[in-house]
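**Q** My questions all concern the structure below.
Every read-out reported here was derived from the displayed coordinates using simple, explicitly stated rules and does not represent laboratory data. Bear in mind that the values here come from a model prediction, so they are computed numbers and not experimental data. Please note: Cβ atoms are built from the backbone with ideal geometry, for glycine as well, and neighbour counts cover all protein chains shown.
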Amino acid sequence: MNILCIGDIFGKPGRRALKELLPRVIEEHKIDFVVINGENAAGGKGISDKVAEELFKNQIDVITAGNHIWEHKSIHPYFSTHPILRPLNVADVQLPGRGQIVVKAKNGCNVGVICLQGELFMDDKGPKVVNPFKVIEEPVRTLREIADIIVVDMHAETTSEKRAMAWFLDGRVTALVGTHTHVQTSDEEILPDGTAFITDLGMTGPHDSVIGLDKQVALKRFLTGELKGYEVAKGGARLEGVVIVADEKTGKATAINRIRIRL
């Protein structure tokens, strides 16, 4: 089967790129299942109820997230009614939502999806999380009993933490894809025991920017040291992600290919 994983949807330009480009990608690559990271879909920070409804009008199966998922409280009720995931490893167990789900793909396969958040350099980014390496094994073990395919989105700052997690889960999940940096990496590969990996899927949004932000706003932040202003850029929209080919009988990945399409 063919699985499409799409990098962080950033603001309105990202949503527009998704709407206009996704049908073409699905048709060209014969996609059976679509996972997108909606972490920055609403104004560049988080995802609101209205934005979630807009996103689900596209042919997507699961929305993953990260540290910005808590920006809009209007999305909280949707955690129990829609396939939207927050990080599995949030420390506060009273926070709403779930970090894993199983959804049936259009080809009939059961696909498990897990959302993780890294620890390194993420201390000031949303609610505290616990060590992802210490909490991931039991969910994976559970999903392996009921899902044909398992995809993990690790929303993390450092390449090392994502790479280490890929080695940790090699052979136990179909794919480990990284998100958060908004910069697509060129290290996609199939690890020895059959897990597809890429450090970062990239960003679906305005690339005439500084990782999605208006260039002048970002430059002012660097020049003054004041973290004021947050304006989504407008130009250079494109869709980024990977297409993973997986054997639903073994749960192993057989190919992973980057995609980068300009609007």
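**Q** Under unit Cβ charges (Lys, Arg +1; Asp, Glu -1), what dipole magnitude, rounded to 20 debye, does the range 1-146 have relative to its Cα centre?
**A** 280
**Q** Still on this structure, I have one more. Positive end of the dipole of the chain, charges at C-beta (+1 Lys, Arg; -1 Asp, Glu), about the Cα centre: which of G236, I256, A147 has its Cα farthest in that direction?
**A** G236
**Q** Give the residue from V102, I190, T204 lying farthest towards the positive end of the charge dipole for the chain; charges sit on Cβ (+1 for Lys and Arg, -1 for Asp and Glu) and the dipole is referred to the Cα centre.
**A** Among V102, I190, T204, the one farthest towards the positive end of the dipole of the chain is T204.
**Q** Continuing with the same structure: Under a point-charge model restricted to the Cβ atoms of Lys and Arg (+1) and Asp and Glu (-1), what is the dipole moment magnitude of the chain relative to its Cα centre, in debye to the nearest 20?
**A** Approximately 640 debye in magnitude.
**Q** Using helices alone, what [θ] at 222 nm do you get for the chain, with -39,500 (n - 2.57) per DSSP H run of 4 or more residues, divided over all residues and rounded to the nearest 500?
**A** -7000 deg cm²/dmol
**Q** Let me ask something else. Placing unit charges on C-beta atoms (Lys and Arg positive, Asp and Glu negative, everything else neutral), compute the dipole magnitude of the range 152-263 about its Cα centre in debye, rounded to 20.
**A** My answer is approximately 380 debye.
**Q** Counting only DSSP beta bridges with both residues in the chain, tell me the antiparallel percent, nearest 5.
**A** In the chain, DSSP labels about 50 percent of beta bridges as antiparallel.
**Q** Would you mind calculating the relative contact order of the chain from Cα pairs under 8 angstrom and at least 6 residues apart, reporting the percent as a whole number?
**A** 21
**Q** Scan [x] 53, 41, 35; [y] 61, 37, 34; [z] 78, 45, 34 for the value of Cα extents along the principal axes in Å calculated from this model and give just the label.
**A** This structure yields the entry labelled [x].
**Q** Let me ask something additional. Give K134/K252; K57/K106; K104/K234; K134/K162; K19/K50 a once-over and call out the pairs whose C-alpha atoms are over 26 Å from each other.
**A** Checking Cα-Cα distances, K104/K234 exceed 26 Å.
**Q** A follow-up question, please. If you average the alpha carbon positions of the range 18-34 and of the range 147-198, how far apart do those two centres end up, in angstrom?
**A** Comparing the Cα centres of the range 18-34 and the range 147-198, I get a distance of 21 Å.
**Q** Checking the a/c ratio against 1.5 first, then a/b against b/c, what shape does the Cα gyration tensor give for the range 13-85?
**A** prolate
**Q** Which shape class applies to the range 126-247: rounded if a/c is under 1.5, otherwise prolate when a/b exceeds b/c and oblate if not, where a ≥ b ≥ c are the square roots of the Cα gyration tensor eigenvalues?
**A** Taking the square roots of the gyration eigenvalues as a ≥ b ≥ c, the range 126-247 is prolate.
**Q** Which cross-chain or sequence-distant (5 or more) residues have an amide H under 5 Å from the amide H of E71, H modelled 1.01 Å from N in plane?
**A** I47
**Q** Which order do the peptides 7-20, 87-100 come out in when sorted by mean C-beta neighbours inside 10 angstrom, highest first?
**A** 7-20, 87-100
**Q** Still on this structure, please answer the following. Taking K and R as +1 and D and E as -1, what net charge do the other residues with C-beta under 14 Å from the C-beta of T195 add up to?
**A** Result for the neighbourhood of T195: -2.
**Q** Step through the residues of the range 185-201 one at a time and calculate ³J(HN,Hα) from phi using the Karplus curve (6.51 cos²θ - 1.76 cosθ + 1.60, θ = phi - 60°), rounding each to whole Hz and writing x for Gly and Pro.
**A** 9, 10, 10, 4, 6, 9, 6, x, 9, x, 9, 7, 9, 8, 5, 8, 5
**Q** List the pair-distance distribution P(r) of the range 30-158, using every Cα-Cα distance, as the percent of pairs falling in each 10 Å bin from 0 up to the bin containing the longest distance, rounded to whole percents.
**A** 13, 46, 34, 7, 0
**Q** Going by average Cβ neighbours within 10 Å, how do the peptides 158-168, 42-52 rank, with the highest at the top?
**A** 42-52, 158-168
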